[in-house]
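Reviewing the structure listed below.
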Amino acid sequence: MTLDTSSTCAASIRAEMTDIMSPEEEVWKNIDDVIARKKAIADGELVMPFSSQENMQIYSGVYDLCRKKSTSDYEQQLYEKYTNCLEERIMEKAVPKLLGKHGASLLTEVTNSWSEFKAFSDSIFKYFFHLDRFYTQRKAIPAVLDLAKHCFSKIVFERLYGKIQEAAMNLVIQDREGKEIDRNLLKSVFELFLDLGEKGTTDYYAKFEQTMLAEASVYYSELSMERWFWRDSYASYLRKVEWCLVQEEARSDIYPSKSTKTKLLRAMKYIMLDRNGKRWSQNQKSDGVRAENEELVRKYTSLSLNGDFPTCAPEK
């Protein structure tokens, strides 16, 4: 690529215009230059970076606007400038890539789009951070530091969360069924749920966790009562329950919150041991529990979630 020659003369043009621009107009012009140049860099163009002197000039200009007492609400204008910049970037770059995507391709694109957008927002945040000192706390509005999350959540996640959750749940189910999936992608999606759920935005991870636990409860309830109850002995049933707990515990490293594993295993234990297990026990008692099974029954009904599980699969 060739160097953008228009950017090389930006400093001299600004210097010539300084004599005919007010200090406030010069600051706004510099901010527009910053945004335009950071967009070009994010798009892979070769442009001249700002010098240390130019950066300090912009920082000082924004600081002075924040401190200036005027009929013009410069702080609000600066906040809106940064917000509009972020929203326009999402609409221009992220949204077109996400349209028409489904399943794993949607998850891949949404995580990549967030990473690219976050890098862009970080590159210009430093020019507006004075607003968090002088403006956002006073107005009780989202901090400049968190605006990238708020904008991406509002424009992308609030609109596409249903499709994103469905795609993520499909991968969880496929993983449970032993199919090969991209576990790193799934972990990245869960981390994004957590990241965007901070600082007052929707708690996407909690929403997904609730859905996942409900689905797992239904799955293991049907598995234990519809497939195992009518053909297995109680001892065989308990071994299969333990095997399922082993597998879910092994897969739980994809969840960024440790409490998710505990909740999942607790739900499974309730469904398959505390609830369905009692039905097995009652059925077994009506037929007479064999003495050799009594010790096994006691062990499994008091199974600890944090205990050591066997690593061998039960007989089908």
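The values are calculated or read from the model by the stated rules, or taken from the named source; none is laboratory data. None of these values were measured; they are calculated from a predicted model. Cβ coordinates were reconstructed from backbone atoms using ideal geometry, including for glycine residues, and neighbour counts include every protein chain displayed. Surface accessibility is based on the protein's heavy atoms, side chains included, excluding ligands, DNA and RNA. Shrake-Rupley method; radii C 1.70, N 1.55, O 1.52, S 1.80 Å.
Looking across region 242-276 at every residue that is farther than 25 Å from Leu192 by Cβ and touching a residue at least 60 places away in the same chain (Cβ under 8 Å), the one that is surrounded by the fewest Cβ atoms within 10 Å (Cβ to Cβ) is identified as Gln247. Arg159 meets the conditions (1) closer than 18 Å to Ser257 by Cα; (2) open to solvent by 70 Å² or more (accessible area, probe 1.4 Å) in every case but one. The failed one is (1). Residues in region 37-55 that are open to solvent by 60 Å² or more (accessible area, probe 1.4 Å) and at pLDDT 90 or above: Ile41, Asp43, Glu45.
Selection of region 153-203 for residues being free of Cβ contacts under 8 Å to residues at least 12 places away in the same chain, in a helix (DSSP H, G or I) and closer than 25 Å to Val246 by Cβ yields Gln174, Asn184.
Which residues, counting only those in region 54-106, are among the β-branched types (Val, Ile, Thr) and either touching a helix residue (DSSP H, G or I) at 6+ places or on another chain (Cβ under 6 Å) or in contact (Cβ under 8 Å) with a residue 40 or more places away in the chain (or both)? Walk me through it before giving the result.
Step one: list which residues in region 54-106 are among the β-branched types (Val, Ile, Thr), which gives 58, 62, 71, 83, 90, 95.
Matches in region 54-106: Ile58, Val62, Thr83, Ile90, Val95.
On the stretch given as region 177-197, residues that are open to solvent by 70 Å² or more (accessible area, probe 1.4 Å) and among the polar types (S, T, N, Q) total 1. If you check Ala104 against the conditions, is it outside any loop (DSSP other than H, G, I, E, B) and under 25 Å from Arg251 (Cα atoms)? Yes: the conditions hold for Ala104.
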